[in-house]
1. Can you give the charge dipole size of the range 5-147 about its Cα centre, rounded to the nearest 20 debye, using +1 on the beta carbon of Lys and Arg and -1 on the beta carbon of Asp and Glu?
2. I want the local charge near residue 85. Using Cβ-Cβ distances under 11 Å, sum +1 for each Lys or Arg and -1 for each Asp or Glu among the other residues.
3. Residue 84: which lysines have alpha carbons under 24 Å from its alpha carbon, excluding same-chain residues fewer than 8 sequence positions away?
4. What does the C-alpha gyration tensor say about the overall shape of the range 1-129? Classify as rounded when a/c is under 1.5, otherwise prolate if a/b is larger than b/c, or oblate.
5. Grab the other residues whose beta carbon is less than 12 angstrom from that of residue 131, score K and R as +1, D and E as -1, and report the net.
6. What is the calculated FRET efficiency for residue 15 to residue 96, with r their C-beta to C-beta distance and R₀ = 35 Å, to the nearest 0.05?
7. Once both labels are modelled 7 Å past Cα along the beta-carbon direction, what's the residue 76-residue 128 spacing in nm?
8. Taking Cα centroids, how far is the range 1-43 from the range 52-102 in Å?
Amino acid sequence: MTIPSPIARTVQQTQEWLKELRDNADFETETAALSVLRVVLHQLRDRLTPDEAVQLGAQLPTVLRGVYYEGWRPARTPERIRSKEQFLDAIETKLLPRALPVERVVRDVFALLAHHCDPGEISQVIDQLPSGLKGLWPEHAVTYRARV
């Protein structure tokens with residue numbers, strides 16, 4: 001069976017994203033990278049307004065977009081997480097029983113998003129976050145609006 005090229009392309013893009021995250025975060029496998037990516041994407045998505053969450057979702061490869069929207073309940077967003085600690089604690093809880101350096105893996109996922117997504121879109125995402133969470137993004141993503 002021949003795989004249609006749009007499907008093959010999104011699978012390839014997803015593999016590239018997962019390999020990049022695996023390498024940057026020192027995960028053993030792409031499966032571990034996907035697991036962490038899923039948790040961080042869900043936590044980020046649930047912190048955004050539904051409109052902004054959809055705009056961010058549109059930036060993802062189709063396969064990862066499905067992961068991103070998995071279990072989403074837009075009527076319950078945005079969650080009122082006001083601090084970096086609350087955000088990281090929620091991720092840490094969802095990653096259990098794995099003990100990972102949560103802040104570092106969140107920074108790695110945010111760097112991945114900043115690398116692959118439109119800088120203007122990432123800037124809009126960052127604008128919706130409390131100041132403590134903005135510092136988890138790469139500097140070039142945080143300062144994008146000031147530079148343009």
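What follows is calculated from the coordinates using simple rules that are stated; it is not laboratory data. The structure displayed is predicted, hence computed values, not measured ones. Reconstructed Cβ throughout: ideal geometry from the backbone, glycine too, with neighbour counts over all protein chains shown.
1. On the way: 19 positive and 20 negative charges, 62 e Å.
Charge dipole, the range 5-147, about its Cα centre: 300 debye, nearest 20.
2. Values: positive: 82, 84; negative: 89, 92, 103.
Cβ neighbours under 11 Å give a net charge of -1.
3. 94, 134
4. Details: a/c = 1.71, a/b = 1.22, b/c = 1.40.
It is oblate, given that a/c is not under 1.5 and a/b is not larger than b/c.
5. Working: positive: 82, 84, 134; negative: 127.
Charge balance near residue 131 sits at +2.
6. Values: r = 27 Å, r/R0 = 0.77.
Here the calculated transfer efficiency is 0.85.
7. So the label points at residue 76 and residue 128 sit 1.7 nm apart.
8. Here the two parts' Cα centres lie 16 Å apart.
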